[in-house]
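The values are calculated or read from the model by the stated rules, or taken from the named source; none is laboratory data. Computed from a predicted model, the values in this text were never measured in an experiment. Please note: Cβ atoms are built from the backbone with ideal geometry, for glycine as well, and neighbour counts cover all protein chains shown. We work out accessible area using only protein heavy atoms, side chains counted, and drop any ligands, DNA or RNA first. Shrake-Rupley method; radii C 1.70, N 1.55, O 1.52, S 1.80 Å.
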2 protein chains.
Amino acid sequence: MRKIKIGLLGFGTVGQAVHELLLENAKYIAERTGFLPVVEKIFVRYVKKKRRVAVDPKLLTTDPNEILENEDIRIVCELMGGVHPTEELILTALEKGKAVVTANKALLAERGEKIFSLVNEKKLYLGFEASVGGGIPIIKTMKEALIGNKIKRIVGIVNGTTNYILTQMSENGMDFSQALRLAQKKGFAEADPSLDLKGIDSAHKISLLASLAFNFFIPFNKVYVEGIDKVELLDLEFARQFGYVVKLLALAKEKKGKHEIMVYPALIPEKHILTSVRFNYNAFYIEGDFVGNMLLYGLGAGGAPTASAVVSDIVEAIEHLTTGKKSLINYPKFDEKRLESIRPIEECEFRYYFRFQAVDKPGVLSKISGILGKHGISIASVVQIGRQKGRGTVPIVMLTHETKEGLVVKALDEISQLDVVQGEVKKIRIFEE
Amino acid sequence: MRKIKIGLLGFGTVGQAVHELLLENAKYIAERTGFLPVVEKIFVRYVKKKRRVAVDPKLLTTDPNEILENEDIRIVCELMGGVHPTEELILTALEKGKAVVTANKALLAERGEKIFSLVNEKKLYLGFEASVGGGIPIIKTMKEALIGNKIKRIVGIVNGTTNYILTQMSENGMDFSQALRLAQKKGFAEADPSLDLKGIDSAHKISLLASLAFNFFIPFNKVYVEGIDKVELLDLEFARQFGYVVKLLALAKEKKGKHEIMVYPALIPEKHILTSVRFNYNAFYIEGDFVGNMLLYGLGAGGAPTASAVVSDIVEAIEHLTTGKKSLINYPKFDEKRLESIRPIEECEFRYYFRFQAVDKPGVLSKISGILGKHGISIASVVQIGRQKGRGTVPIVMLTHETKEGLVVKALDEISQLDVVQGEVKKIRIFEE
């Protein structure tokens, strides 16, 4: 049995779980692979910090060069997050020929070009299974299992925080801020949850998945992003009445050579399997031209599930380093020309849910539907609710047929300027097969 | 770009779909891997048969040696099924150093020992993703993605035929034979569906998955098997009243060093994600000590999804052949000693659903519950239904607490001998987290 020495950059929740997994299950991994992965050094900011997982203090260092310049360390796991100095550390490790495993979706989605080019060019190993979907093997599935398929569509529920909040709102009638507080209390939301709530975290993830699906690097700034910060309990209740559940989706679609890469909250038909993805669970619903529809579901965050993904990459890295394996499958390449295939949101077509808060007067519905008609937006169903206690206006809820986003923006802008319509018009897209 | 020549053994539904996939998506695969997989020769029984997919007649041969003895053919895909001469053909291909891809679950589960030993010993490539779960990458997930986990449990809905039938019965009120006929009409059941209905197909699949999960070869004959041929519509309706849905499950569990490998129909709580697996879909619900609970869902059969799996193995085989990659991860080894860890069904514990058809007389319930009590079986809930038209007996339905199978068999045997109980007692196990 051979030992393989590993360096960890960062020792937070995930780093500690990786250390724990390698201590508990190393023998088990060795039995299957013939190699014993051993943590040799851990780069931390503070040696003396209290930590959940006990660690031999001799393993800890505040100098990353003790890992990067140690030739015995063949695999570097970057679990510290952030862009600087993380990017420099990863590039240095790669340039020294080490295999790198990272959970850093933000770095790859925002600045992946340089790292992906380097690993493609020098045939190095870069594992990033842990960067998307925690323990769910979505990267492996996209890269390897679906290699024979043209990917038509990925629909992901990729952020546990927002899914937890929406589930609590929708199933237990909590309002947004109550649900957020509970998520924070349970450790499913950060103290500053804005990256999650605004959809940024989901956009990082779909940027990487879309890059794998379509085989060119789609940076984060090409993703259309809308979060759940404007979703109200009232809309979830109306959605339910129409037979829908609201989820924050991250989507990547291919339609006639054009690509749509987007994050937005959406109404999903109750019977759809994606509505079974509740609380802090994540899922990826994928359509390939041969495989048909497929779903991967599991815990998308947390130390232990993410450690499971990191260790699966560590074993791949060992294969790469010890057997001469050079994966045939390329990392996404930057290709300016292909970026033009990304369809601007204004040109994308959706069905919509609208909620107008209108003064309860005759003729209001006719005015609203007149403007929609003028812009060629066709109404599929409408519900006008009677006057409610404590509100000066009544909600009018509509579902539309498929129509272009650009037209909808214009029409809603016009409608919101009507005297009889108050406040912002709510617009939620509808997901259908 | 380099060409890689492939030979197909068998050209039925799956073989034709593989050929079709490689024609349609080869360029796409080549773009990602640098290799163009090309079908060079196809072994068929009849050259002149009508087929869905058009094929150049020059590719067809009735002599398998045109594939096995052609040194240019590096990869052999066995898609003909059966045990003879399939096993001999696979062994010959392996001995000649070819990579082999197979969809043959029955062969591997019943006689895998010889094939697995050979590939382990000579570090050859054997891909069998297509043998379980159609396009769902369950083999890759078990072998690679979850390598860091101790697998606690796999719960699979792995047979589309039985799942289709149970879904039609449960959701549309069909009886068993109606649902079977519809499944046959739609192509989801074979003309002779007995391997599916009796749970044999599911048992082949769980034998392979359990072997990967627990790292020793668990042959098919070690799997406890019960099919759905005795499930009645009435039981599905009672199950629903208690808040359960009935599915045919294939299970592999580890409990304190003992293993339980079984196939049986089970009551699943309505809210469980496995109940979202409907009609001809398959799913694998897996628990690992680090990854937590995970689900993979998709089309478990059919030409196109299975071709997707075959082609993912073809790309792995190309890696193996061209980059010197020798996967570190072993194929399951035969280990007589470890087979003793499989717990006999009599010693396994379950909760149960019972249905007794009893004469509608005072004292019956007391007699039945008396016998159960004597054997230490504790009742969780009981429903006795009033007299029904056309039946001389009334159903008494009970759910029990957890109890040993061996005790249940004895108690039910005793109960079925009561004068007041008629016909066979129905016993369905309950699945709970």
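The set of residues from the stretch B:42-60 being crowded, with 16+ Cβ neighbours inside 10 Å and of a type in the set (Val, Ile, Thr) comprises B:Ile42, B:Val44, B:Val55. Kindly indicate whether any position in the stretch A:197-209 is hydrophobic (A, V, I, L, M, F, W, C), more than 11 Å from the chain's Cα centre (by Cα), buried (at least 21 other Cβ atoms within 10 Å of the Cβ) and under 20 Å from A:Leu267 (Cα atoms). Looking through the stretch A:197-209, at least one residue is hydrophobic (A, V, I, L, M, F, W, C), more than 11 Å from the chain's Cα centre (by Cα), buried (at least 21 other Cβ atoms within 10 Å of the Cβ) and under 20 Å from A:Leu267 (Cα atoms). For A:Ser341, indicate whether it is without any contact (Cβ under 8 Å) to a residue 12 or more places away in the chain and either over 30 Å from A:Leu22 (Cα atoms) or of a type in the set (Gly, Ala, Ser) (or both). It is false that A:Ser341 is without any contact (Cβ under 8 Å) to a residue 12 or more places away in the chain and either over 30 Å from A:Leu22 (Cα atoms) or of a type in the set (Gly, Ala, Ser) (or both). Within the stretch B:303-338, the set of residues being within 7 Å of chain A (Cβ to nearest Cβ), surrounded by 24 or more Cβ atoms within 10 Å (Cβ to Cβ) and either within 22 Å of the chain's Cα centre (by Cα) or without any contact (Cβ under 8 Å) to a residue 12 or more places away in the chain (or both) comprises B:Pro305, B:Ala307, B:Ser308, B:Val311, B:Ser312.
Total residues in the stretch A:377-394 satisfying the condition of being without any contact (Cβ under 8 Å) to a residue 60 or more places away in the chain and part of a strand (DSSP E or B): the figure is 6.
Annotation: B:Lys230 fulfils all but one of (1) within 30 Å of B:Phe116 (Cβ to Cβ); (2) basic (Lys, Arg); (3) surrounded by fewer than 22 Cβ atoms within 10 Å (Cβ to Cβ); the unmet one is (1).
Does B:Ala358 satisfy the condition of being part of a helix (DSSP H, G or I) and open to solvent by less than 60 Å² (accessible area, probe 1.4 Å)? Answer is no for this residue.
A:Thr167 meets all of the listed conditions (1) within 14 Å of chain B (Cβ to nearest Cβ); (2) within 30 Å of A:Leu339 (Cβ to Cβ) but one, namely (2).
Give the residues of the stretch B:17-30 that are open to solvent by less than 20 Å² (accessible area, probe 1.4 Å) and either in contact with a helix residue (DSSP H, G or I) (Cβ under 9 Å, 6 or more places away or on another chain) or in contact (Cβ under 8 Å) with a residue 24 or more places away in the chain (or both), sorted by residue number. Once the filter is applied, which keeps residues that are open to solvent by less than 20 Å² (accessible area, probe 1.4 Å) and either in contact with a helix residue (DSSP H, G or I) (Cβ under 9 Å, 6 or more places away or on another chain) or in contact (Cβ under 8 Å) with a residue 24 or more places away in the chain (or both), the stretch B:17-30 yields B:Ala17, B:Val18, B:His19, B:Leu21, B:Leu22, B:Asn25, B:Ile29, B:Ala30. Condition test on B:Leu36, is it open to solvent by less than 10 Å² (accessible area, probe 1.4 Å), within 25 Å of A:Lys150 (Cα to Cα) and modelled with pLDDT of 95 or more? No, not satisfied. The set of residues from the stretch A:280-291 being more than 30 Å from A:Phe188 (Cα to Cα) and open to solvent by 20 Å² or more (accessible area, probe 1.4 Å) comprises just one member, A:Asp289. Could you pull out the residue among A:Ile428, A:Ile385, A:Ile342, A:Ile371 that is in contact with a strand residue (DSSP E or B) (Cβ under 6 Å, 6 or more places away or on another chain) and over 27 Å from A:Glu287 (Cα atoms)? Matching residue, one of A:Ile428, A:Ile385, A:Ile342, A:Ile371: A:Ile385.
With the structure loaded, tell me whether A:Ala411 is at pLDDT 95 or above, surrounded by fewer than 18 Cβ atoms within 10 Å (Cβ to Cβ) and among the small types (Gly, Ala, Ser) or whether it fails that test. Against the criterion (at pLDDT 95 or above, surrounded by fewer than 18 Cβ atoms within 10 Å (Cβ to Cβ) and among the small types (Gly, Ala, Ser)), A:Ala411 does not qualify. There is no residue in the stretch A:294-315 that is over 30 Å from A:Phe188 (Cβ atoms) and of a type in the set (Phe, Trp, Tyr).
Of all the residues in the stretch A:86-103, those that are among the hydroxyl-bearing types (Ser, Thr, Tyr) and either in a loop (DSSP other than H, G, I, E, B) or surrounded by fewer than 20 Cβ atoms within 10 Å (Cβ to Cβ) (or both) number 1. Taken residue by residue, the stretch B:69-85 has no member that is open to solvent by less than 40 Å² (accessible area, probe 1.4 Å) and either in a helix (DSSP H, G or I) or touching a Pro at 6+ places or on another chain (Cβ under 6 Å) (or both). One residue alone among A:Asn172, A:Asn163 is open to solvent by 40 Å² or more (accessible area, probe 1.4 Å) and either without any contact (Cβ under 8 Å) to a residue 60 or more places away in the chain or more than 30 Å from B:Ile29 (Cα to Cα) (or both), and that residue is A:Asn172. Among the numbered conditions (1) under 16 Å from A:His320 (Cα atoms); (2) in a helix (DSSP H, G or I), the only one that B:Ser327 does not meet is (2).
Which of (1) of a type in the set (Gly, Ala, Ser); (2) farther than 19 Å from B:Ser327 by Cβ; (3) outside any helix (DSSP H, G or I) is the odd one out, the single condition B:Ala106 does not satisfy? Unmet for B:Ala106, out of (1) of a type in the set (Gly, Ala, Ser); (2) farther than 19 Å from B:Ser327 by Cβ; (3) outside any helix (DSSP H, G or I): (3). Just one of (1) more than 14 Å from chain B (Cβ to nearest Cβ); (2) farther than 30 Å from B:Asp289 by Cα fails for A:Ala250. It is (2). Scanning the stretch A:273-302 for residues that are out of contact with any strand residue (DSSP E or B) (no Cβ under 8 Å at 6 or more places or on another chain) and more than 9 Å from chain B (Cβ to nearest Cβ) yields a count of 1. Where residues in the stretch B:31-57 are in contact with a helix residue (DSSP H, G or I) (Cβ under 9 Å, 6 or more places away or on another chain) and assigned to a helix (DSSP H, G or I), which of them is farthest from A:Lys333 (Cα to Cα)? Once the filter is applied, the top-ranked residue is B:Thr33.
Number of residues in the stretch B:130-146 that are more than 14 Å from B:Met294 (Cα to Cα), within 7 Å of another protein chain (Cβ to nearest Cβ) and of a type in the set (Val, Ile, Thr) equals 0. Among residues that are closer than 28 Å to B:Ile151 by Cβ and either among the β-branched types (Val, Ile, Thr) or more than 14 Å from chain B (Cβ to nearest Cβ) (or both), A:Val83 is not included.
Is there a residue being more than 14 Å from every other protein chain (Cβ to nearest Cβ), within 24 Å of A:Thr323 (Cα to Cα) and either touching a Pro at 6+ places or on another chain (Cβ under 9 Å) or modelled with pLDDT under 95 (or both) anywhere in the stretch A:6-14? Scanning the stretch A:6-14 turns up at least one residue that is more than 14 Å from every other protein chain (Cβ to nearest Cβ), within 24 Å of A:Thr323 (Cα to Cα) and either touching a Pro at 6+ places or on another chain (Cβ under 9 Å) or modelled with pLDDT under 95 (or both). Scanning the stretch A:253-266 turns up at least one residue that is under 26 Å from B:Phe279 (Cβ atoms) and either open to solvent by less than 10 Å² (accessible area, probe 1.4 Å) or of a type in the set (Ser, Thr, Tyr) (or both).
When you scan the stretch A:395-416, do you find a residue that is over 18 Å from A:Val231 (Cα atoms), outside any helix (DSSP H, G or I) and free of Cβ contacts under 8 Å to residues at least 24 places away in the same chain, even just one? Scanning the stretch A:395-416, I find no residue that is over 18 Å from A:Val231 (Cα atoms), outside any helix (DSSP H, G or I) and free of Cβ contacts under 8 Å to residues at least 24 places away in the same chain, so the answer is no. Exactly one residue out of A:Lys152, A:Lys114, A:Lys143 is open to solvent by 10 Å² or more (accessible area, probe 1.4 Å), in contact (Cβ under 8 Å) with a residue 40 or more places away in the chain and part of a helix (DSSP H, G or I), and it is A:Lys143.
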